[in-house]
1. Could you list, in sequence order, all residues of region 32-56 that are among the charged types (D, E, K, R) and surrounded by 21 or more Cβ atoms within 10 Å (Cβ to Cβ)?
2. Restricting attention to region 12-29, report how many residues are modelled with pLDDT of 55 or more and surrounded by fewer than 19 Cβ atoms within 10 Å (Cβ to Cβ).
3. Please give the number of the condition Q90 fails out of (1) assigned to a loop (DSSP other than H, G, I, E, B); (2) loosely packed, with under 15 Cβ neighbours inside 10 Å.
4. So Q145 clears everything in (1) polar (S, T, N, Q); (2) over 15 Å from the mean Cα position of the chain (by Cα); (3) in a helix (DSSP H, G or I) except one condition, right? Which one?
5. Go through (1) part of a helix (DSSP H, G or I); (2) out of contact with any Asp or Glu (no Cβ under 8 Å at 6 or more places or on another chain); (3) among the hydrophobic types (A, V, I, L, M, F, W, C) and name the single condition L112 misses.
6. Would you please list the contacts, defined by Cβ atoms under 7 Å and residues six or more apart or on different chains, that run from a residue in region 132-154 that is within 11 Å of D30 (Cβ to Cβ) to a residue that is modelled with pLDDT under 95 and not in a helix (DSSP H, G or I)?
7. Just checking, does region 57-79 include any residue being small (G, A, S), surrounded by 14 or more Cβ atoms within 10 Å (Cβ to Cβ), outside any helix (DSSP H, G or I) and out of contact with any His (no Cβ under 8 Å at 6 or more places or on another chain)?
Amino acid sequence: MNFRTLLIIGLLQFVAHVAIGAIHPQTINDAQIAQIVLTANQVDIEAGQVADARANNVDVKAFGKMMVVDHTAVNKQAMELTTKLKLTPQDNPTSQSLKMGGETNVTNLKTLSGAPFDKAYIAHEVEYHQAVIETLNKMLIPNTQNAELKALIVKVTPAFVAHLEKAKQIQAALAK
């Protein structure tokens, strides 16, 4: 399978889990939401580390570094909050799907170099951030019960939107 096919499969799995959560929102609890937040950030940290090491384009490399820094900061805040709330993050189908998709993405990225790497990494970042923003807005924020956890998710959502816009700008520049 080529990278694009694997990317589409991973995103479809993720969207399917999001859709399941949207249909049965009462089945997701704060512990599961916390794990989804942590996993979504970790996936982008790992891909960002690969981009920082392998990217050819300076903007792609800088974007990878930004993903590592920004998502590490969010995970630190989330872990501090879960500790404060005595909330143990709970694995669930959505977090598992995110993790699996992230592992597939990193594995495939490691087979690429040069311009093909740069384009594949940024294309994935655009798709990934779109899916995560949709999940934040349609599943996580509406279903989070704890006010502090909800506030954290609401607070970090604009950063995901900014990441998406930056990735789109880089993608457009790479297409030229």
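1. To start, the set of residues in region 32-56 that are among the charged types (D, E, K, R) comprises 44, 46, 52, 54.
Once the filter is applied, which keeps residues that are among the charged types (D, E, K, R) and surrounded by 21 or more Cβ atoms within 10 Å (Cβ to Cβ), region 32-56 yields only D44.
2. Restricting attention to region 12-29, the residues satisfying the condition of being modelled with pLDDT of 55 or more are 27-29.
Applying the additional criterion that residues be surrounded by fewer than 19 Cβ atoms within 10 Å (Cβ to Cβ) yields 27, 29.
Qualifying residue count, region 12-29: 2.
3. It is condition (2) that Q90 fails.
4. Here Q145 clears every test but (3).
5. Failing condition for L112: (1).
6. Note: pairs meeting the criteria are N143/I28.
7. Keep residues of region 57-79 that are small (G, A, S), which gives 62, 64, 73, 78.
With the extra rule that they be surrounded by 14 or more Cβ atoms within 10 Å (Cβ to Cβ), the set shrinks to 62, 64, 78.
Then drop every residue that is not outside any helix (DSSP H, G or I), which leaves none.
No, every residue in region 57-79 fails to be small (G, A, S), surrounded by 14 or more Cβ atoms within 10 Å (Cβ to Cβ), outside any helix (DSSP H, G or I) and out of contact with any His (no Cβ under 8 Å at 6 or more places or on another chain).
The values are calculated or read from the model by the stated rules, or taken from the named source; none is laboratory data. Source: prediction; values computed, not measured. In this analysis, Cβ positions are derived from the backbone assuming ideal geometry, glycine residues included, and neighbour counts consider all displayed protein chains.
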